[in-house]
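Undergrad: Just passing along the structure, written as structure tokens.
The values are calculated or read from the model by the stated rules, or taken from the named source; none is laboratory data. Computed from a predicted model, the values in this text were never measured in an experiment. Here the Cβ positions follow ideal geometry from the backbone for every residue, glycine too, while neighbour counts run over all protein chains shown. Just so you know, the surface numbers come from the protein's heavy atoms only, side chains and all, with ligands and any DNA or RNA stripped out. Shrake-Rupley method; radii C 1.70, N 1.55, O 1.52, S 1.80 Å.
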Amino acid sequence: MTISKEEQARNHRRRRRQMWGVLICIFVMIGVVTVIKTMKDGIVSLFDQSEEYTMYENRLEGMVMFDPLPFDSIANMNDTTLRSAAVWGTVYDILDTEYGLSTYTRDEETDMALLPAVEVDAYLTRLLGPSFKLDHRSFDGEDDMTITFDETRQCYLIPVTSMVSSYTPRVVDMFKRSGQLYVTVGYIPNADETDLTTQPSDAPVKYMDYIFSRTGGNWYLTSLQVSDKKADVKPTATPTAKPAADQSAEDAIIAGVNGEATAQPSAQPSEEPAE
């Protein structure tokens with residue numbers, strides 16, 4: 001049977017249309033899968049705030065370790081608590097780095113690590129904003145531990161004996177209210193090594209709301225209040241920050257200074273989820 005040229009041309013056109021139809025279907029399927037995956041990832045990222053929670057836990061560690069009383073502005077915060085939180089918060093940030101304090105210069109007479117004031121300023125800028133300025137000086141911190149400031153070298157002398165945090169922060173919620181960001185922090189008490197009869201628990205014994213205001217696109221701490229969220233259990237005693245009883249924290253600072261590499265508003269309108 002002889003097929004005319006016209007019929008051959010129609011067959012070629014039909015096969016081309018079929019081929020293009022198959023390719024279009026493949027691209028459409030790829031596009032649909034991509035869109036679904038993108039939407040799924042977007043939804044997960046929208047509700048998964050674990051990275052942001054961790055960021056605020058690290059940022060607030062210096063504050064939580066000294067259990068500050070509620071305040072309605074930084075100006076009304078206890079001065080000793082603020083200074084202690086600034087210095088030790090900076091130290092703990094350094095200890096979380098690859099080399100810790102091992103690269104820091106030591107004082108020739110005391111063998112203490114020299115912590116530059118500019119690093120404390122940087123820590124406070126991240127927490128409180130660039131407008132906050134701390135007048136650096138020596139002070140008596142928690143449990144009468146004196147933190148010496150060297151005016152000539154503009155450095156704090158950090159003792160080998162570490163300051164052990166009374167609490168570890170755990171961010172459990174974040175929400176917006178009246179243009180402010182509320183970060184609800186659970187206070188988890190650290191184990192008391194002098195009391196071997198008490199089993200350590202990872203359950204928060206209380207909750208506090210750290211309140212941030214937005215300036216220049218960033219959130220900065222402005223006040224602290226007791227949270228509406230209540231702990232399931234009540235602590236038998238309120239611990240206080242004390243000189244090193246936690247050997248791991250002490251070892252970290254000792255390793256650092258010895259040059260070893262160590263790898264309150266009233267009721268407000270309805271809440272909004274944090275961005």
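Undergrad: With a Förster radius of 30 Å, plug the Cβ-Cβ distance of residue 9 and residue 32 into 1/(1 + (r/R0)^6) and report the FRET value to the nearest 0.05.
TA: Between residue 9 and residue 32 the formula returns 0.30.
Undergrad: Here's a follow-up. Can you sort 88, 219 by solvent-accessible area, 1.4 Å probe, largest first?
TA: From most exposed to least exposed: 219, 88.
Undergrad: I would also like to ask the following. Non-local amide H neighbours of residue 141 (under 5 Å, H modeled in plane, Pro and chain starts lacking H): which ones?
TA: 146, 147
Undergrad: Still on this model: Could you derive backbone 3J(HN,Hα) for the range 14-19 from the dihedral phi with the Karplus parameters 6.51, -1.76 and 1.60 (θ = phi - 60°), listing whole Hz in sequence and x where the residue is Gly or Pro?
TA: 5, 5, 5, 5, 5, 4
Undergrad: With the cut-off at 1.5 for a/c, could you classify the range 66-161 from its C-alpha gyration tensor as rounded, prolate or oblate?
TA: In terms of gyration-tensor shape, prolate.
Undergrad: So for the pair residue 218, residue 133, with labels modelled 7 Å out along Cα→Cβ, what separation do we get in nm?
TA: Distance between label points: 1.7 nm.
Undergrad: Please list 148, 103, 215 in order of solvent-accessible area, largest first, computed with a 1.4 Å probe with all protein chains present.
TA: 103, 215, 148
Undergrad: Round to the nearest 10 and report in Å² the accessible area of residue 12, as given by a 1.4 Å probe over the protein chains' heavy atoms.
TA: 90 Å²
Undergrad: If the chain between residue 175 and residue 107 were fully stretched, how many nm would it gain, using 0.36 nm times the residue separation less the Cα-Cα distance?
TA: Working it through step by step, the gained length comes to 20.0 nm.
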